[in-house]
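Worksheet: one structure, shown below.
The values are calculated or read from the model by the stated rules, or taken from the named source; none is laboratory data. The structure displayed is predicted, hence computed values, not measured ones. Every residue, glycine among them, receives a Cβ derived from its backbone with ideal geometry; neighbour counts consider all protein chains shown. Surface accessibility is based on the protein's heavy atoms, side chains included, excluding ligands, DNA and RNA. Shrake-Rupley method; radii C 1.70, N 1.55, O 1.52, S 1.80 Å.
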Amino acid sequence: MSLISKRLVGIVASTALLSLVSAAAHAQTTDVLTLDRLYEYQHDGFVKTEYTFNSSMILNSIGFVATNNTSGWFEYYLNGDVVKFFNFNDQSLAPVANGIRWYTLPTPLTLTATDVVRLDTEQTSDVVRLDEDQNYIGQATAVQVYSSKNPNVYVYTDYNRQGESTEQLTNSNLRVSPSNPGSNVAPEPGSFALALTGGVALIGICVRRRRNAG
């Protein structure tokens, strides 16, 4: 095999490997919480949710529970230190989708065991809340019910409780991926096929060049 052919085969192998690793990493991104529904303004004022990790993960995006008719602020902390503050209309937050405003980190953040990500929210709703005697009790911060969570993350929500809900509530969600994405997840079939097709095409070029050289 000529030197050029060997180099092309090496390029084929490298391209296929990079494609598969990239596909595997993309396929593994998941939400920490499985959200069920928006909780209808049952909690007033300031709400915080803490996510404590017991294994290494990569944090990709942060989501804040929100509604279209509210204003207020959001912020997130890492191990007690504030990282970023958002106004409700911050342009870096995506529009509300399924009750969440998502913020995608410019650079994914690697978290290790015992790291804590805390999300604080305070929103005001256009809906004025009254108690059972029709007395004004203020506006509210939206939360959502979650039905399940990533087993490697402990979740705790602190809020000003109104009523006796036994449901699991949160003001946020996180999108994460494993810190070693290529170790335990197979690539998507479409990505594998694309890499394979490209590899076959380059090998064909190698074969034709060898024949022409001979």
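Quick look at the values:
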| quantity | calculated |
| --- | --- |
| Extreme residue, modelled with the highest pLDDT, among residues of segment 156-191 that are over 15 Å from Val65 (Cα atoms) and aliphatic (A, V, I, L, M) | Val176 |
| Any hit, segment 128-148, residues being at pLDDT 70 or above and over 23 Å from the mean Cα position of the chain (by Cα) | yes |
| Residues that are modelled with pLDDT of 65 or more, among the polar types (S, T, N, Q) and in a strand (DSSP E or B), drawn from segment 110-127 | Thr110, Thr121, Gln123, Thr124 |
| Test: residue in segment 65-79 that is aliphatic (A, V, I, L, M), in a strand (DSSP E or B) and open to solvent by less than 30 Å² (accessible area, probe 1.4 Å) | yes |
| Any hit, segment 50-61, residues being among the charged types (D, E, K, R), surrounded by 14 or more Cβ atoms within 10 Å (Cβ to Cβ) and free of Cβ contacts under 8 Å to residues at least 60 places away in the same chain | no |
| Yes/no for Ala94 being over 17 Å from Asp31 (Cα atoms) and among the aliphatic types (A, V, I, L, M) | no |
| Test set (1) at pLDDT 95 or above; (2) farther than 19 Å from Tyr154 by Cβ - Asn79 fails condition number | (2) |
